[in-house]
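The values are calculated or read from the model by the stated rules, or taken from the named source; none is laboratory data. Keep in mind that what you see is a predicted model, and the values were worked out from it rather than measured. Every residue, glycine among them, receives a Cβ derived from its backbone with ideal geometry; neighbour counts consider all protein chains shown. Note: areas computed on protein heavy atoms with side chains; ligands, DNA, RNA excluded. Shrake-Rupley method; radii C 1.70, N 1.55, O 1.52, S 1.80 Å.
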Amino acid sequence: MFFRLKPSGPRTYLQIVENRREDGAHRQHVIATLGRADDLAASGALASLLASGARLCDQVMLLCALERDVEGLRMSTRRLGGPLLFERLWQETDCAAVIQALLVGRGFEFAVERAIFATVLHRIFVSGSDRACERWMEDYLIPGTDGLALHHLYRAMAWLGEELDAADGGQAHATPFAPRCVKDRIEEALFARRRDLFSELSVVFMDTTSLRFEGAGGETLGQRGHSKDHRPDLMQLVLGVVIDAEGRPVCTEIMPGNTADVRILLPVVDRLRGRFGIGRVCIVADRGMISAATLAGLEERGLEYILGARERSDVVVREVVLADEGPFTPLLVERANGAETQLFAKEVRHQGRRYIVCRNEAEAERDRADRQAIISGLEGQLQRGDKALIGNSAYRRYLRRVALTDGKGGKAKPGPAFEIDPGKLAEEARYDGIFVLRTNARVTPLQAMLRYRELLDVENLFRRTKGVLRTRPIYHSSDAAIRGHVFCSFLALVLQKELDARCRAAGFTPEWGDMLRDLDRLQQAEVSQGGKTWKVRTEVGATASALLRACGIAIPPRIQGIPPPAPAPPAPPPSPKRRGRPRRGATRP
């Protein structure tokens, strides 16, 4: 039904009209003619009629209350988009179910699963310490987190990193660097739930990074080592992430900060085979994990591998493999943005070892341009003086020292001088766009090259871990809490990968930062007045709307009334006191 103005000669009348469907067509029926529109407006009858009807409509009462700013009106606003989206992913990836199953029999007096989810959500949006998470939660509508305090978050992190009981076999498949913890059981359960008869862990990619501490860094994890954060003055840990061929995170390995990369690969591979029940697997890792002992161990275990080789420091690679004059096989790869990348690959065998020489034409052009920019700057600096050149590593690699003469064939002038070395330029040009692989896998050179390029997904994963999903700062003082804090970043990556897969299936790939901002704009206000409460949400942005549709989430109503809580049932009346002597049956068997 609706109001309609009906002109009749010089006058206009106000009518209430209803649409009805008759004989397959919509027809309008006049329910009532209220009178002349100008008379109703002048006398105030229309306003009285609308106000009388508004008492029966919660939405209109809400708007009137907000407009008049009546006494007793209370309103609070919290962000809704992020919790709404990632709560669905949290449930459908079975993260919630796995954690709740492991909590059975534990005597926690707070919602541990909710504390972990809140920490993971915080890691996705802004990251930071658990203390910052406690304050951040106040602005987000996260179900089940009312009453959670900072010490609850600390206890939840400590539970995730809690060591398993060795007496019950909990330390089976532990590495020399780290014990088995509750987080390992979560990883194994998540992998088992998404595994079926047709999926196998046949290819795994692994890379490592370092994460620094703002304190002592636990009992054993915090150590000084090679810092990829360029902060050697701080304690750190080494974090390894393993992903499968589809780019899904499989597990994390958290090790002391002084653990060298070359010592990591074999223990982690042995642990993967024991934890996930895998047989034939191909290991893909970068050159930092290669050593003679590592290669011998992989061969002894009968495992396939595709590993990056050191082009400059390995004598065989530098003098034999790169000197091979065999032809390259071309491959044109289309990238996600529609551009094309020209790749080349060839196989070189030497003393029973198989090498794959790969060349990326775009990278080669970039290397040439970078070197030319350095040379241009170097030539200008040489004209101004050469005293500061030797301290610049970018310049030093292209210089050679020469002795100056007086120009008349006399004795050389004292003091060194430098000039550009053409031989070094030519040697550096050999490596433009080149990377070399060593493999024993039964794949073609092009397949090996494409597999190794997929290792970039792991590197992108680490960039997101340190950027969008920043794990730092870490202030915890116990190993268990540190492991739990870092593991929440792994769970955040699981949710991010699931969301990315659903977006791709829906045909769009939103930029991560824009997506988070659009989700934060979706907010819900709770308005209370006169014993009634309403929920009011803001407008849904285009990106947030597409994300919710991709995950099958219905957008909440714009305005929704909240029914008052049901009154508590009355207490049963007390039973009347019995008088007189008790019955015989009450005191005798």
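Got a sec? Which of SER313, SER291 is more than 16 Å from ARG430 (Cα to Cα) and over 30 Å from the mean Cα position of the chain (by Cα)?
Values: SER313 fails: more than 16 Å from ARG430 (Cα to Cα).
It is SER291.
Beta carbons closer than 9 Å, at least 6 apart along the sequence or on distinct chains, pair a first residue in the stretch 1-24 that is outside any strand (DSSP E or B) with a second that is open to solvent by 70 Å² or more (accessible area, probe 1.4 Å) for MET1/ASN19; MET1/ILE31.
Of all residues in the stretch 473-517, those satisfying the criterion of being of a type in the set (Gly, Ala, Ser) and surrounded by fewer than 23 Cβ atoms within 10 Å (Cβ to Cβ) are SER477, SER478, ALA480, ALA501, ALA505, ALA506, GLY507, GLY513.
Within the stretch 137-153, being assigned to a helix (DSSP H, G or I) and either touching a Lys or Arg at 6+ places or on another chain (Cβ under 7 Å) or surrounded by fewer than 19 Cβ atoms within 10 Å (Cβ to Cβ) (or both) holds for GLU138, ASP139, LEU150, HIS151. Can you tell me which residues in the stretch 439-469 are at pLDDT 75 or above and in a helix (DSSP H, G or I)? Residues satisfying the conditions are PRO445, LEU446, GLN447, ALA448, MET449, LEU450, ARG451, TYR452, ARG453. When GLN372, GLN383, GLN342 are checked against the criterion of being in contact with a helix residue (DSSP H, G or I) (Cβ under 8 Å, 6 or more places away or on another chain), modelled with pLDDT under 85 and not in a loop (DSSP other than H, G, I, E, B), a single residue qualifies: GLN342.
What strands (runs of 3 or more DSSP E) completely inside the stretch 518-562 contain at least 2 residues that are surrounded by 18 or more Cβ atoms within 10 Å (Cβ to Cβ)?
In the stretch 518-562, the matching strands (runs of 3 or more DSSP E) lie at 523-529, 532-537.
Condition test on ALA115, is it free of Cβ contacts under 8 Å to residues at least 12 places away in the same chain, under 20 Å from LEU495 (Cβ atoms) and not in a loop (DSSP other than H, G, I, E, B)? No.
When we screen GLU304, GLU300 for residues that are out of contact with any Pro (no Cβ under 7 Å at 6 or more places or on another chain), of a type in the set (D, E, K, R) and open to solvent by 30 Å² or more (accessible area, probe 1.4 Å), the only hit is GLU300.
Among all residues of the stretch 476-487, there is at least one that is modelled with pLDDT under 75 and over 20 Å from GLU363 (Cα atoms).
Residue count for the stretch 263-278, restricted to those that are farther than 13 Å from PHE177 by Cβ and touching a Ser or Thr at 6+ places or on another chain (Cβ under 9 Å): 1. Screening the stretch 126-136 for residues that are surrounded by fewer than 20 Cβ atoms within 10 Å (Cβ to Cβ) and touching a residue at least 60 places away in the same chain (Cβ under 8 Å) and picking the one that is nearest to the chain's Cα centre (by Cα) gives GLY128. Residue pairs whose Cβ atoms lie under 7 Å apart, sitting 6 or more positions apart in sequence or on different chains, and linking a residue in the stretch 535-563 that is among the polar types (S, T, N, Q) to a partner that is surrounded by 14 or more Cβ atoms within 10 Å (Cβ to Cβ) and part of a strand (DSSP E or B), are THR538/GLN523; GLN560/TRP534; GLN560/LYS535.
Go through the stretch 154-174 and count every residue that is in a loop (DSSP other than H, G, I, E, B) and open to solvent by 40 Å² or more (accessible area, probe 1.4 Å).
7
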